[in-house]
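Accompanying notes for the structure given below.
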Amino acid sequence: MDVAAVARHWAETWQRAWPAKQAADIAALYNDTASYRSSPFGKPEPGGALAYVERQFAVEEAVECHFGEPIAADERAAVEWWASFVEADQAVTLAGTTVLRFDSAGLVVDHVDYWMQQQTP
């Protein structure tokens with residue numbers, strides 16, 4: 001498996017599917033038993049990636065995002081990303097990195113987000 005290529009596909013899918021709210025396209029990147037943590041201090045999301053993105057997509061509007069070139073080694077990758085959106089009538093900007101681990105089929109088995117948030121007037 002070419003982890004850099006798999007991670008690049010992950011990033012390209014998120015960049016396209018997040019603004020379009022295509023939760024199924026994102027969920028297809030993950031193993032059925034994958035651990036999905038939206039924060040390094042949080043527990044894995046109940047229901048995994050699909051449950052998380054469906055919940056977030058319901059409250060985010062006008063999403064714009066960009067994903068950087070993955071840094072990959074062995075079965076792991078890190079991908080830097082930036083996003084802006086409106087949530088509860090408040091403009092929000094995020095900058096973060098997602099650390100991923102893939103199985104031999106190229107599906108995510110472990111996802112952890114590290115991010116900072118800034119609200120803009």
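Every read-out reported here was derived from the displayed coordinates using simple, explicitly stated rules and does not represent laboratory data. Note that the structure is a prediction, hence the values are computed from the model and not measured. Every residue, glycine as well, gets a Cβ built from its backbone with ideal geometry; the counts of neighbours run over all protein chains shown.
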Item to check | Among residues of the stretch 96-106, those that are in contact (Cβ under 8 Å) with a residue 60 or more places away in the chain and surrounded by fewer than 17 Cβ atoms within 10 Å (Cβ to Cβ), counted | outcome: 3
Checklist entry - Which one of these is on the phi < 0 side of the Ramachandran plot and in contact with a strand residue (DSSP E or B) (Cβ under 8 Å, 6 or more places away or on another chain): ALA23, ALA73, ALA77? => result ALA77
Item to check | Odd one out for TRP14 among (1) within 15 Å of VAL109 (Cα to Cα); (2) crowded, with 20+ Cβ neighbours inside 10 Å | outcome: (1)
Checklist entry - Looking at VAL108, VAL79, which is the one that is touching a Lys or Arg at 6+ places or on another chain (Cβ under 8 Å) and of a type in the set (A, V, I, L, M)? => result VAL108
Checklist outcome for this item: In the set GLU61, GLU87, GLU54, the lone residue that is among the acidic types (Asp, Glu) and either within 17 Å of VAL112 (Cα to Cα) or in contact with a Gly (Cβ under 9 Å, 6 or more places away or on another chain) (or both) is GLU54
Next on the checklist: So, in the stretch 62-95, exactly how many residues are small (Gly, Ala, Ser), in a strand (DSSP E or B) and surrounded by fewer than 16 Cβ atoms within 10 Å (Cβ to Cβ)?
Outcome noted: 4
Next on the checklist: Among (1) buried (at least 16 other Cβ atoms within 10 Å of the Cβ); (2) touching a helix residue (DSSP H, G or I) at 6+ places or on another chain (Cβ under 7 Å); (3) part of a strand (DSSP E or B), there is one condition ASP113 misses while meeting the rest; what is its number?
Outcome noted: (2)
Next on the checklist: Let me confirm something: among ALA51, ALA77, ALA34, ALA24, which residue is of a type outside the set (Phe, Trp, Tyr), closer than 29 Å to ASP2 by Cα and in contact with a His (Cβ under 9 Å, 6 or more places away or on another chain)?
Outcome noted: ALA34
